[in-house]
Amino acid sequence: MQNVKIKKAILPVAGFGTRMLPATKAQPKEMLVVVDKPAIQYLVEEAVASGIEEVIFVTGRGKRSIEDHFDHSFELEHNLVEKEKHDFLREVRKISSLAKFSYVRQKEPLGDGHAISCASHLIGNEPILIMFGDCLYDSTVPPAKQLIDTYNKYNQPVIGLSRVEMNIVNKFGVIDGLEIIKGNYEISKLVEKPKIEDAPSNLVAVGKYIITPRVLQILDNMPSASSGEIRLTDAFSQMLENGELLYGKELDGEWLDIGDKLSFIKATIKLGLNNKDIGLGLKEFMKSLNI
Ligand code: UTP
């Protein structure tokens, strides 16, 4: 497939967010606030800044607040107009006009790959951006844009990568591959949560991808693994076994994983320090802790 403008993103957000319980018992982990907005808004803004025009959320039970967040909010906007709170009004209106939003339900959380394939009927013969809900970045060029640029070089699926300390590599999907040009890898192997001693590298998949119709075709026909889940990683592994090409892009910037409690707090502090309204105050507070 030759260069086609990537206009659509699928954001699977139907997972349970177990690692963030009890915070996620009655609210989606994607709606947890990082500094001043829900995590999912960072992702949508990143997608839009990378040229995406249509965002497809794959939602599930208990995820209605995501739809409400990206919807027009008549009562709230009316109230802000009456109170002449113009700055807030602008902020609120901006959210619902960021992109064209669609929603698909995943009836049961049968894995991230299954969630993606729930949206395949909304996708034509085109490459798509995939973003998982717990992967934020502090970077100059939006990571999604970096992935799209990499796709445009190779016209094959691309996995967003980051390096982690070797002692935590067992929590992630780890790749082996050949660095063809700086930061761009031709992937030869993808191992999900390997033992530290067996990990082929410390380059891990962060939860951002460009996939092609071929990947969707594999996902749509894939039987569940022994775990009962259909995972995107398994589709990639199948492609590698068939000798099909798969690329990796080591993303420039700092990966802010927000999928577990400690990394969520670290990301909040990092983005809080960068924030123009609260950054200085937070820095003073951190210094005052004397730790
Ligand atoms: P995660 O592996 O992070 O799962 O899924 P999770 O449920 O969100 O979190 P934990 O591990 O239980 O704490 C990666 C992405 O795929 C979505 C998640 O919402 C997340 O964005 N997902 C996962 C689905 O949409 N459906 C699923 O069945 C599984």
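The values are calculated or read from the model by the stated rules, or taken from the named source; none is laboratory data. What you are looking at is a predicted structure, and each value in this text was computed from that prediction instead of being measured. Using ideal geometry, Cβ is built from the backbone for each residue, glycine included, and neighbour counts are taken over all protein chains shown. Just the protein is used for accessible areas: all its heavy atoms, side chains included, with ligands, DNA and RNA removed. Shrake-Rupley method; radii C 1.70, N 1.55, O 1.52, S 1.80 Å.
For the stretch 134-155, how many residues are farther than 22 Å from Ala267 by Cα and either out of contact with any strand residue (DSSP E or B) (no Cβ under 9 Å at 6 or more places or on another chain) or not polar (S, T, N, Q) (or both)? So that I can check it myself, show each step before the final result.
Taking the stretch 134-155 as the starting set, the residues that turn out to be farther than 22 Å from Ala267 by Cα are 148-155.
Still in the running and either out of contact with any strand residue (DSSP E or B) (no Cβ under 9 Å at 6 or more places or on another chain) or not polar (S, T, N, Q) (or both): 148-149, 151-155.
Of the residues in that region, 7 qualify.
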Filter the stretch 265-286 down to the residues that are part of a loop (DSSP other than H, G, I, E, B) and surrounded by fewer than 13 Cβ atoms within 10 Å (Cβ to Cβ) and list them by number.
Lys276, Asp277
List the number of the failed condition for Val141; all other conditions in (1) of a type in the set (Val, Ile, Thr); (2) open to solvent by 30 Å² or more (accessible area, probe 1.4 Å); (3) over 17 Å from the mean Cα position of the chain (by Cα) hold.
(3)
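Quick one: would you say Gly177 is surrounded by 14 or more Cβ atoms within 10 Å (Cβ to Cβ), closer than 18 Å to Ile66 by Cα and touching a Pro at 6+ places or on another chain (Cβ under 9 Å)? Write out each step before concluding.
Values: surrounded by 14 or more Cβ atoms within 10 Å (Cβ to Cβ): yes; closer than 18 Å to Ile66 by Cα: no; touching a Pro at 6+ places or on another chain (Cβ under 9 Å): yes.
Here the answer is no, as Gly177 does not meet what is asked.
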Residue list for the stretch 1-38, restricted to those being open to solvent by 30 Å² or more (accessible area, probe 1.4 Å), within 7 Å of the ligand (Cβ to nearest atom) and closer than 17 Å to Ile66 by Cα
Gly15, Phe16, Lys29
So, in the stretch 67-88, of the ones that are of a type in the set (A, V, I, L, M, F, W, C) and not in a loop (DSSP other than H, G, I, E, B), which residue ends up modelled with the lowest pLDDT?
Phe74
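Would you say Ile187 is closer than 18 Å to Ile128 by Cα, of a type in the set (Val, Ile, Thr) and buried (at least 16 other Cβ atoms within 10 Å of the Cβ)? Show your work before the answer.
Numbers: closer than 18 Å to Ile128 by Cα: no; of a type in the set (Val, Ile, Thr): yes; buried (at least 16 other Cβ atoms within 10 Å of the Cβ): yes.
Spelling it out, it is not the case that Ile187 is closer than 18 Å to Ile128 by Cα, of a type in the set (Val, Ile, Thr) and buried (at least 16 other Cβ atoms within 10 Å of the Cβ).
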Residue that is nearest to Val141 (Cα to Cα), among those in the stretch 226-264 that are open to solvent by 50 Å² or more (accessible area, probe 1.4 Å) and without any contact (Cβ under 8 Å) to a residue 24 or more places away in the chain
Leu262
Inspect all residues belonging to the stretch 45-66 and state whether any of them is within 16 Å of the ligand (Cβ to nearest atom), open to solvent by 50 Å² or more (accessible area, probe 1.4 Å) and either in contact with a helix residue (DSSP H, G or I) (Cβ under 9 Å, 6 or more places away or on another chain) or not in a loop (DSSP other than H, G, I, E, B) (or both).
yes
Given the residues Ser139, Ser162, which is the only one that is touching an Asp or Glu at 6+ places or on another chain (Cβ under 8 Å), more than 16 Å from the ligand (Cβ to nearest atom) and of a type outside the set (A, V, I, L, M, F, W, C)?
Ser139
Of the residues in the stretch 106-122, those that are surrounded by fewer than 18 Cβ atoms within 10 Å (Cβ to Cβ) and either near the ligand (Cβ under 9 Å from one of its atoms) or touching a residue at least 60 places away in the same chain (Cβ under 8 Å) (or both) come to Glu108, Pro109, Ser120, Leu122
Answer from Ile175, Ile130, Ile148 - the residue that is under 27 Å from Ser263 (Cβ atoms), part of a strand (DSSP E or B), more than 16 Å from the ligand (Cβ to nearest atom) and not hydroxyl-bearing (Ser, Thr, Tyr):
Ile175
